[in-house]
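Just so it is clear, none of the values below were taken in a lab; they were calculated from the coordinates. Here the structure is a predicted model, which is why all the values come from computation and not from measurement. In this analysis, Cβ positions are derived from the backbone assuming ideal geometry, glycine residues included, and neighbour counts consider all displayed protein chains.
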Amino acid sequence: MTMLAESFLELNRYRDLLRTWTIREIKIRYKQSLLGGLWAILQPLSVAIIFSIIFSFFVKVPTDGIPHLMFYYAALFPWTFFTTAVTTGSNSLVNNLNLVTKIYFPREILPLSGVLAALFDFTIAFFVYIGLAFLYKVSVGPSIMLLFLLIMIQLLFTISVVLVLAALNVFHRDIRFVVPLGLQIYMYSTPLIYPVSTIPEKIRPFYMLNPMASLIHSYRAILVYGQWPEPTYLLSAFLISVAFLLTAYTWFNKAARSFADLI
Amino acid sequence: MAVIEFNHVTKTYQLGVRGSLRETLMNALSGLVRRESDHKKLLNALEDVSFEVREGEVLGLIGANGAGKTTTLKILSRVTYPTTGSVSVDGRISALIELGAGFHPDLSGAENIYLNASILGLKRAEIDAKLGEIVAFSGLERFLDTPVKRYSSGMYARLAFSVAAHVDPDVLLVDEVLSVGDAIFQEKCLNRMKEIRDKGKAMVFVSHNMIAVQNICSRVIWLDRGKVRAVGEPEEVISKYLHNQYFGQQNIWDLEEGEELFRYDEGSVVVEAIRILDEAGESFQTIHGGGSVKVEVHYNAKRQLNSPNVQIYLTDKQHNRLMGSDLARSNYKGQRTISKGEGVVSCTFDAVPIRPNVYYFNVDILEENRLIYRQKDIGPVIVRPDQSASRWEDYNLFDVNCHWELNGRTE
C-alpha cells in the first residue's frame, strides 16, 4: 500500500509531463490525419448509422420506441472512447521504446496519456450527441448530472485495462494482435447492439458484473430515456473498477522495474 | 556529503529472455513437469561495483564497450534497477543520455522544447521561465514555429542540446552525447558541463573521449567487464586504461609470420622487432605532445642490399600520413649500406607537434627505389594530453612552438 501511495506521489510530481504528453498525442493524431478532429465523430457516428440500418430494416431489434440512430449513438460514443483508449494505450510503451530504455519517468504516463487523448475525442463526440438529442427531441432529465460519475467510473476501468495490456505488450508482443480480437469479442458481451432487457433475468446479475455492461446500460438510461440509472449496477461497476485499478497499478509498478531490461 | 552512493551493485541480465507468448506458455507448461532455468544464460553487466560522488565532484567512467558504463548510468537514472546492492541519489537527477528524447517530427520547435524539457523532468512553469534563454542559446528564433522535420540535422541537434543544457539538476549524468556534432558543438557541450560543475553540482560523465574526461573529471573509474579495474586521479587511471587497451603488457612488436606485412621479394630482409622509445631511451606506451620519439627497426638481412633506403612515417587511425622521414634524403652522413646480417636502423623525431590521439608508425624498406619490405600500423602510439588540464592547444591538429609579437602605437 505504501508503494502504491509513493507511485501516486511520483506521478503527481510528473503531472506536467502527463499533460504535455497528452497534448502531444492529440496534436500528432490531428496533424497526421486529413480529417483531423472529424475522426473522433466519424467513427462512432458511421457505426451507429450502419447499426441503425441493419437493426431496423433487416433484423428487428427492439429499442422501446427510441429512434435507432439515437439508441446506438448514445452507446457507441462511450464505447469508442473505450476502444480508442485501449488500442492506443496498449501500444504506448512499445511505441516509445527509445524513451523507456533511456530515460526515467513514471512509466504509467505513456498509457495514461493514451487514455486522456481518447477522452478528448470523447468530448468532441459528445457534441454530436447533443445535436442528435435536439434533432430527435430527446427529453433529458436531471439524471444527466450523473454523466460525470459515469465518465469517471469508465476512466478508472479503462485505465486499469490499459495499464495491464500496455505492460503485457512489453513482455509479449503478441498482445498487439490479441487486443483487436479481444475488443471485438468484448463488444458482443456488452449491450451495444441489443438492450439489456433482452438478457434473461436469471443471468442478468452476472452479465452486469461486467463494468462496461453496467456503464453502457446507464449511459442509455441517462442520455436516451432521461431516467436514473440503476444504483446497484453503478455501485458494482464502481467497486469492481476501483479494485481492478488498485491491483493493476500495483502490478504495473512491479512490472515497470524490468521494462528497460526486457525491451 | 555524498550525493550519489553506489553500494556493492550487481546487475545481472538474462540473455535471450521471454519473447513471444507461445514461448512463455511452452515454458510454463514444461515448468510444470521439471524445474526450468537450466538453459538460461546469465550475464553480469556489473559485479559488486561501489563508489560515491560528492557535491562538486565529476566522476568519469571509462572502459571498453560492454564494460558496464551505460548500465551504471541507467541504474543511477532509475531506468533499470540493480539485481543486488543499493543505490541512493540525493536530489534531482537529469540524464543527458539521448539528445532530443521525445522529439516528434510533426511538432514545431517550440512544442518540442516543451516536450523534451518535461521528459527531462522540468515543470511547466520552469520551462516557461527558461524558454527565452533556451531559444536564444539555440539561435533558432526564426524557426520556432516550423515543424522539426524541416530542420537540418545540425539545427535539430542544436535545439536538442539547448534544452538539455538548461536543465538545472542536482546530479547530472552525461553519456557519450559529446560524440555527436562538430567540434564547436562539442566544445559548447564541454563548457556547459564545466559551468554546471563549477556550480558545485555532482556529475557522472561517460565518454570514450579521453581528452574530455581528463579535462572535466576530478576522479575516474575504469570499468572492465563489469568490474572496477582502477579508481583515482584522471591522469593515472586514463594512462592505465590506454596502456591496457592498446598494448596489453607488451611494448615491443615482435613481428611474426601472418602479420600484416608486405614482402616484395624472397625475404631478402626480415624485420624482427620494432621498438618505439621515448627521450630517456625507454620503451613507452604513451607520451605527452611535444615529446620526442625514437623508432628502432631491428632487421636481419639475408644478403647485402644495393643502395638501400628506409622510410618511417606516422599515420592516424584513418591511415592519413602525418609526418615521416626518408633515410636517403635525410642529412644523415654515416654508413649507407646494409650488409648481410643483423642490424638496427633508427630515426628520432624531435618534439612531435601533434595533438593527443592514437597514432601508428609504418616502416618501408627499399632497394634501388623498389619496395622490398613494408610493415604497417605499428603501435599504437598514444599521445596524451598535457598535464595542465584543459589546454586550448589540445583541440588543434598540430601543436607547434610559436613566437608572438604585438606592436602597437599609442596615439
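Footprinting exposure proxy ranking of A:Lys27, A:Lys202, fewest other C-beta atoms within 10 angstrom first, gives A:Lys202, A:Lys27. Among residues other than B:His208 with Cβ under 13 Å from its Cβ, the summed charge is 0 (Lys and Arg +1, Asp and Glu -1). Between the helical axis of A:231-256 and the longest alpha-carbon principal axis of chain A there is an angle of about 20 degrees.
Neighbouring Cβ atoms within 10 Å as the yardstick, rank B:Arg370, B:Arg303, A:Arg107 fewest first. Write out the running numbers ahead of the final one.
On the way: B:Arg370 9, B:Arg303 13, A:Arg107 25.
By the 10 Å Cβ count, ascending: B:Arg370, B:Arg303, A:Arg107.
Please give the helix A:211-220 orientation as an angle from the longest Cα principal axis of chain A, in degrees from 0 to 90, rounded to the nearest 10. For A:211-220 against chain A, the angle is about 40 degrees. Applying 1/(1 + (r/R0)^6) with R0 = 56 Å to the Cβ-Cβ distance of B:Thr348 and B:Glu176 gives a FRET efficiency near 0.90.
Computed extension length for A:Asn12-A:Thr123: 37.6 nm, one decimal, from 0.36 nm per residue of separation with the Cα-Cα distance subtracted. Once both labels are positioned 7 Å from their Cα atoms along Cα-to-Cβ, the gap between A:Ile185 and B:Thr84 label points is 4.3 nm. Kirkwood-type hydrodynamic radius, the protein assembly as shown: 30.6 Å, calculated from all non-identical alpha-carbon pairs. Estimated purely from DSSP H runs of n ≥ 4, each contributing -39500 (n - 2.57), the mean residue ellipticity at 222 nm for chain A is -23000 deg cm²/dmol once divided by its residues. When A:Ser241, B:Ser307 are arranged by Cβ crowding within 10 Å, least crowded first, meaning fewest neighbours, the order is B:Ser307, A:Ser241. With distances taken between every two different alpha-carbon atoms, the stretch B:276-376 has a Kirkwood hydrodynamic radius of 14.6 Å. In terms of modelled amide H atoms, which long-range or inter-chain residues lie less than 5 Å from the amide H of B:Gly324? Distant-sequence amide H within range of B:Gly324: B:Leu314.
Assuming 1.002 mPa s and 20 °C, estimate D for the stretch A:101-147 with Stokes-Einstein, Rh taken as the Kirkwood radius over Cα pairs, in µm²/s. Rounded, D is 157 µm²/s.
To the nearest µm²/s, what D does Stokes-Einstein give for the stretch A:2-262 at 25 °C and 0.890 mPa s, using the Kirkwood radius over alpha carbon pairs as Rh? Don't skip to the answer; put the middle values down first.
Working: Rh = 19.3 Å.
For these conditions, the coefficient is 127 µm²/s.
Largest first, the three principal axis extents of the alpha carbons in the stretch B:73-124 are 43, 20, 12 Å in whole numbers.
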